[in-house]
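> Below are the structure tokens for one structure; questions will follow.
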Amino acid sequence: MMASSYTAKEEDGHITVSGPGALRSRKPENTAFKQQRLPAWQPILTAGTVLPAFFIIGLLFIPIGIGLFVTSNNIKEFEIDYTGVDASSPCYNCSQSFSWNSSRPCTCSIPFYLEQPYESNVYVYYGLSNFYQNHRRYVKSRDDSQLNGDPQISDGETRRNTDVVKH
């Protein structure tokens with residue numbers, strides 16, 4: 001149903017006064033646009049219009065899904081556990097003798113070999129468990145120069161290895 005043409009300035013209480021000392025009303029003008037009475041398109045949804053639209057949209061997304069599937073299958077992953085939990089791990093001695101207050105660093109080296117070549121960009125990630133970067137000790141020990149890879153503090157002193165993250 002189309003909106004009817006409704007012009008009732010008197011019924012809305014919109015009084016226009018002209019003259020030098022006239023009060024201006026704070027109400028918007030009584031136009032179809034400002035009173036939100038514009039006619040709008042209201043589609044009639046039936047099975048004959050909705051089902052073909054769904055099928056067409058579905059057919060458009062099939063190539064996108066195939067492309068994402070092929071791309072995700074080309075991703076290669078290689079995972080190494082370096083926690084030292086297993087007694088046969090090269091990091092087992094470090095994990096058993098580690099102390100936060102120790103001044104002697106423990107170095108763990110894990111050699112690995114790739115079974116197949118990685119031809120494109122290689123991204124290295126590491127996972128931490130039970131670690132939260134909004135934890136008070138982490139936030140307190142944050143050092144931007146260390147995160148940038150600088151080996152020394154700006155005044156020439158070497159870093160202390162006593163904080164949580166500075167190991």
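> Let me confirm something: among Asp150, Asp144, Asp163, which residue is at pLDDT 55 or above, more than 30 Å from Glu77 (Cβ to Cβ), among the charged types (D, E, K, R) and surrounded by 12 or more Cβ atoms within 10 Å (Cβ to Cβ)? Reasoning before the result, please.
Numbers: Asp144 fails: surrounded by 12 or more Cβ atoms within 10 Å (Cβ to Cβ); Asp163 fails: at pLDDT 55 or above.
After ruling out the rest, the residue left standing is Asp150.
> On the basis of being free of Cβ contacts under 8 Å to residues at least 60 places away in the same chain, surrounded by 10 or more Cβ atoms within 10 Å (Cβ to Cβ) and farther than 30 Å from Asn121 by Cβ, does Thr83 make the cut?
Details: free of Cβ contacts under 8 Å to residues at least 60 places away in the same chain: yes; surrounded by 10 or more Cβ atoms within 10 Å (Cβ to Cβ): yes; farther than 30 Å from Asn121 by Cβ: no.
When the stated conditions are applied, Thr83 does not pass them.
> Whether any residue in the range 55-77 is at pLDDT below 85, of a type in the set (S, T, N, Q) and loosely packed, with under 10 Cβ neighbours inside 10 Å is what I want to check.
There is no residue in the range 55-77 that is at pLDDT below 85, of a type in the set (S, T, N, Q) and loosely packed, with under 10 Cβ neighbours inside 10 Å.
> For the range 47-72, give me each residue that is under 28 Å from Asn121 (Cβ atoms) and polar (S, T, N, Q).
Thr71, Ser72
The values are calculated or read from the model by the stated rules, or taken from the named source; none is laboratory data. Computed from a prediction, not measured in an experiment: that's the story for all the values here. Methodologically, a virtual Cβ is constructed for each residue, glycine included, from the backbone with ideal geometry; neighbour enumeration extends over all protein chains shown.
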